[in-house]
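Just below is one structure, and these are the notes that go with it.
The values are calculated or read from the model by the stated rules, or taken from the named source; none is laboratory data. Predicted model, so just to flag it, every value in this text is computed and none were measured. Heads up, the Cβs are rebuilt from the backbone with ideal geometry, glycines too, and the neighbour counts pull from every protein chain shown. Side chains are part of the model used for accessible areas, which takes the heavy atoms of the whole protein and leaves out ligands, DNA and RNA. Shrake-Rupley method; radii C 1.70, N 1.55, O 1.52, S 1.80 Å.
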Amino acid sequence: MMKKLFSSLILAGGILALAPVAEVLAQARGGNPGLTIFSGVERENILDYRLDFRGRRGRWDRYRLRVPGDKLPQGAAEFRISYPDYYNGRFDTDEIEVRIDGESQPLKDVVWDEEGHFIAIDLEEPLEPEQKVELVFSNVRNPRQGGTFYFNGQVKPAEGVAIRQHLGTWIIDIN
């Protein structure tokens, strides 16, 4: 009887000790929630992202919207990110960056059109083809109402036809 009780206590203690570790790992990930089913977006069009401060509603955050190199076969001169009209977060256009390998690229202009529900990021120098890019939005105020928000990315290529092309969708969860 004592052995069973002792074994149960050890097992319970082990589970309790591992729970905080699992929580920290889940919070550190901060990106896509994993498998997305029934999103309405084809898997190859879902883009990766990270929320540095866990996407809490009504709180400050930093969004890292990632674009893989294969989505930029003609480079990039401008990025445009549209978001749904029910997203009522706030952006700081002075704190938006385009990074390659962690290095910020010079920007010509950043425009936030609140009525049109988009942000346009115009680069000083066009990016070369096939480069992985990270769009970093610092000082973002998450919406007070949580939910799932589809941010759609477009790019104006540096080469070829200067018409915006679809990059994909970041499916951002604010809880």
The one condition Val110 fails out of (1) β-branched (Val, Ile, Thr); (2) closer than 23 Å to Trp60 by Cα; (3) within 17 Å of the chain's Cα centre (by Cα) is (3)
In the stretch 94-116, what residues are among the small types (Gly, Ala, Ser) and open to solvent by less than 50 Å² (accessible area, probe 1.4 Å)?
Gly116
If we ask which residues in the stretch 74-105 are in contact (Cβ under 8 Å) with a residue 60 or more places away in the chain, hydroxyl-bearing (Ser, Thr, Tyr) and within 15 Å of Leu127 (Cβ to Cβ), their number turns out to be 0
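Residues of the stretch 70-87 being exposed (fewer than 14 other Cβ atoms within 10 Å of the Cβ) and over 16 Å from the mean Cα position of the chain (by Cα), which ones? Break it down into steps so the answer makes sense when it comes.
Applying the first criterion (exposed (fewer than 14 other Cβ atoms within 10 Å of the Cβ)) to the stretch 70-87 yields 70, 73, 84-86.
Asp70, Pro73, Asp85, Tyr86, listed by residue number.
May I ask you to verify whether Arg62 is of a type in the set (Lys, Arg), open to solvent by 60 Å² or more (accessible area, probe 1.4 Å), outside any loop (DSSP other than H, G, I, E, B) and at pLDDT 95 or above? Can you show your working first?
Numbers: of a type in the set (Lys, Arg): yes; open to solvent by 60 Å² or more (accessible area, probe 1.4 Å): yes; outside any loop (DSSP other than H, G, I, E, B): yes; at pLDDT 95 or above: yes.
Considered against the rule, which asks whether it is of a type in the set (Lys, Arg), open to solvent by 60 Å² or more (accessible area, probe 1.4 Å), outside any loop (DSSP other than H, G, I, E, B) and at pLDDT 95 or above, Arg62 comes out as yes.
Please state which one of Ile174, Ile163 is open to solvent by less than 10 Å² (accessible area, probe 1.4 Å) and hydrophobic (A, V, I, L, M, F, W, C).
Numbers: Ile163 fails: open to solvent by less than 10 Å² (accessible area, probe 1.4 Å).
Within the list Ile174, Ile163, the selection yields Ile174.
Residues that are surrounded by 19 or more Cβ atoms within 10 Å (Cβ to Cβ), out of contact with any Cys (no Cβ under 9 Å at 6 or more places or on another chain) and touching a residue at least 60 places away in the same chain (Cβ under 8 Å), at least 1 per element: which strands (runs of 3 or more DSSP E) completely within the stretch 117-160 meet that? Even if it seems obvious, please write down each step before you answer.
Numbers: elements: 118-127, 133-141, 147-156.
By residue number, 133-141, 147-156.
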